[in-house]
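Quick notes on the structure that follows.
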Amino acid sequence: MTADRAAALTREITALKQERNAVILAHNYQVPEIQDVADYVGDSLGLARQAATTNAEVIAFCGVHFMAETAKILNPGKIVVLPDKDAGCSLEESCPADQLAALQKTNPNFYTIAYINCSAAVKALSDCICTSGNADRIVRAAPKDRDLLFVPDENLGQWVMETTGRPMKLWRGDCYVHVEFRKEGLQQVRAAHPHTPIIAHPECLKEVRDLADVVCSTEKMIDFCRKSASKQFVVVTESGIIHRLRKECPGKEFLPAPVFDVMRMPTDNCRCSECKYMKMNTLEKVRDCLKNLSPRIELPADILDRARRPIERMLEISAQPIENAG
Ligand code: 13P
Ligand code: SF4
């Protein structure tokens, strides 16, 4: 998109935002021009917190469907729009609510912790929600006498089992973007840049997490790079985050981790480290959703009600001082 076109759309969006009394919330993986027009850019946890406290009448959620649903669950009386209604998530798809309900019936002592990357119907079946930014705290705070069931990300679940030492039954879902990173790519980049910290998202495979210097959510990555004395970082997550890293850490360099194909061979002919769902949103679609107040997120009343408590429980636990968090 040309700079002139982006500037013209940004002006239209800014005017519509005022007219609608709207707030624009954008995930760290959104395209740069959307990040630049947003009122708030952050990770899933930061976005849920913003959604829980906004005074705006309309929330334009520039992220994927489950994130906009979370905003609607927290604001049932407000209009929540998503620029592209088909912006889904491979993790959400991996866990149909009826299959989760069937598994829950096999053990009445299950305490279900659902990664926020799941449908509203799965949230409604869960005891507590978590994000990659607070999964460790949420698992530590879970009742000690219950059997933990963690859905739907097996890799995040494995990582939290390692950090907390708490066993959990794991759903077998994954993020199709993060499992594309392989140890061969990290070994290659480590050999070329032996002193550069490697930062990886916990949705990555264990073989990748084990080679990383830091494993954390996208927001914590930004914080780490801002505070670190290093001038260069290898980033093992969706490439959209590099825009914000460059903006907020001037003078520092960010190297996207190389991606290998299924044969574990280097590849540069695909866009593996881009989430096709996150990239469905465009500046034009942001303008259109504010203009038309559509596509809107609508959910059945019983799902809205049942899904709210586990999200609020997550927000409460995350807001507690660390010593009280369990
Ligand atoms: P964050 O929790 O870091 O926002 O990650 C969300 C996500 O979808 C990662 O793929
Ligand atoms: Fe889902 Fe992965 Fe895309 Fe995040 S990057 S929204 S987990 S498919």
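The values are calculated or read from the model by the stated rules, or taken from the named source; none is laboratory data. Keep in mind the model is a prediction, meaning the values are calculated, not measured. We place every Cβ from the backbone using ideal geometry, glycine too, and count neighbours over all the protein chains shown. What goes into the accessible areas is simple: the full protein's heavy atoms, side chains included, and nothing from ligands, DNA or RNA. Shrake-Rupley method; radii C 1.70, N 1.55, O 1.52, S 1.80 Å.
What the table below lists for this structure:
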{"read-out": "Failed item in (1) free of Cβ contacts under 8 Å to residues at least 60 places away in the same chain; (2) under 22 Å from E203 (Cα atoms), with Q18 passing the rest", "value": "(2)"}
{"read-out": "Any hit, segment 176-191, residues being out of contact with any helix residue (DSSP H, G or I) (no Cβ under 6 Å at 6 or more places or on another chain), within 15 Å of ligand 1 (Cβ to nearest atom), over 24 Å from D98 (Cα atoms) and open to solvent by 10 Å² or more (accessible area, probe 1.4 Å)", "value": "yes"}
{"read-out": "Qualifying residue in segment 117-133 (condition: over 24 Å from L299 (Cα atoms) and not β-branched (V, I, T))", "value": "yes"}
{"read-out": "Answer from E253, E298, E284, E248 - the residue that is modelled with pLDDT of 95 or more and either under 20 Å from D43 (Cα atoms) or among the β-branched types (V, I, T) (or both)", "value": "E248"}
{"read-out": "Within segment 195-237, considering residues that are closer than 15 Å to E253 by Cβ and assigned to a loop (DSSP other than H, G, I, E, B), the one nearest to ligand 2 (Cβ to nearest atom)", "value": "P197"}
{"read-out": "Cβ-Cβ under 8 Å pairs, at least 6 apart or on other chains, segment 38-55 side aromatic (F, W, Y), far side in a helix (DSSP H, G or I) and open to solvent by 20 Å² or more (accessible area, probe 1.4 Å)", "value": "Y40/Q50"}
{"read-out": "Neighbours by Cβ (under 6 Å, 6+ apart or cross-chain): first from segment 113-140, under 10 Å from F66 (Cβ atoms); second of a type in the set (A, V, I, L, M) and open to solvent by 10 Å² or more (accessible area, probe 1.4 Å)", "value": "A120/L299; A120/I303; V122/A97"}
